[in-house]
Amino acid sequence: MPILEIHYRPLPNSDHAKAMDEMLKNETLFKISGPFGKVTLNKPPPEHLFIIAAGTGAAQATSIIKSLEKQTIRPVTILWWSVTADSDLYQESYFGDPMKRSWLTYRNFIDDDGINLLIKELEKNNFTHTKCNQYILTGPPGFVLSCSERLKNKGIESTRIHSDVFNDAP
């Protein structure tokens with residue numbers, strides 16, 4: 001029988017987390033259905049791709065990177081991943097090995113006392129990544145919308161910005 005491993009982190013004071021904790025104590029069988037995003041890559045892939053992910057948005061980033069690995073022509077790819085704590089960097093070893101992927105530049109951002117440092121980086125005047133053909137934003141809707149707004153403020157056309165927040169954002 002196939003095995004599916006799920007990592008779960010309860011959020012303090014969350015009714016959903018309390019319900020999940022109760023289910024995990026009492027149930028051994030779960031039916032899982034999930035949101036299905038609509039992020040796609042151009043075919044052929046763009047020459048320069050910038051992926052901006054937060055939290056579990058790394059799952060979509062991983063999927064995109066794995067699909068790029070199978071292609072003979074890979075775009076120059078930049079991946080920025082924002083998390084709230086060091087312990088959230090569950091894909092660090094996968095993303096951070098430049099010997100496996102010379103075409104991928106990876107950088108992580110760990111929030112500083114509730115301040116999202118990745119978004120702060122997008123706000124800087126010296127942000128130099130404005131020439132990418134395609135930007136893919138993954139993660140919570142608020143994060144994606146904030147990043148999209150900041151990219152547009154840098155003069156990046158909305159047609160080059162794509163997201164995977166289940167139709168709530170660009």
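A few comments on the model shown:
- Any pair with Cβ under 8 angstrom, 6 or more apart, that starts in the range 113-126 at a residue that is charged (D, E, K, R) and ends at one that is surrounded by 10 or more Cβ atoms within 10 Å (Cβ to Cβ): 121/80; 121/109; 121/127; 123/150
- Some residue of the range 118-128 being in contact with a strand residue (DSSP E or B) (Cβ under 6 Å, 6 or more places away or on another chain) and open to solvent by 10 Å² or more (accessible area, probe 1.4 Å): no
- Residue that is surrounded by fewer than 19 Cβ atoms within 10 Å (Cβ to Cβ), hydrophobic (A, V, I, L, M, F, W, C) and closer than 20 Å to residue 9 by Cα, where the choices are 89, 145: 89
- Failed item in (1) more than 19 Å from residue 48 (Cα to Cα); (2) open to solvent by 50 Å² or more (accessible area, probe 1.4 Å); (3) assigned to a strand (DSSP E or B), with residue 162 passing the rest: (1)
- Filter result for the condition that a residue is of a type in the set (D, E, K, R), closer than 17 Å to residue 46 by Cβ and either surrounded by fewer than 20 Cβ atoms within 10 Å (Cβ to Cβ) or free of Cβ contacts under 8 Å to residues at least 60 places away in the same chain (or both), over 100, 70: 70
- Boolean, residue 82 is over 22 Å from residue 134 (Cα atoms) and either among the polar types (S, T, N, Q) or loosely packed, with under 15 Cβ neighbours inside 10 Å (or both): no
The values are calculated or read from the model by the stated rules, or taken from the named source; none is laboratory data. On a predicted model such as this, the values are computed, not experimentally measured, just so you know. So basically every Cβ, Gly included, is an ideal-geometry build from the backbone, and we count neighbours across all protein chains shown. The area values use the complete protein model at the heavy-atom level, side chains included, leaving out ligands, DNA and RNA. Shrake-Rupley method; radii C 1.70, N 1.55, O 1.52, S 1.80 Å.
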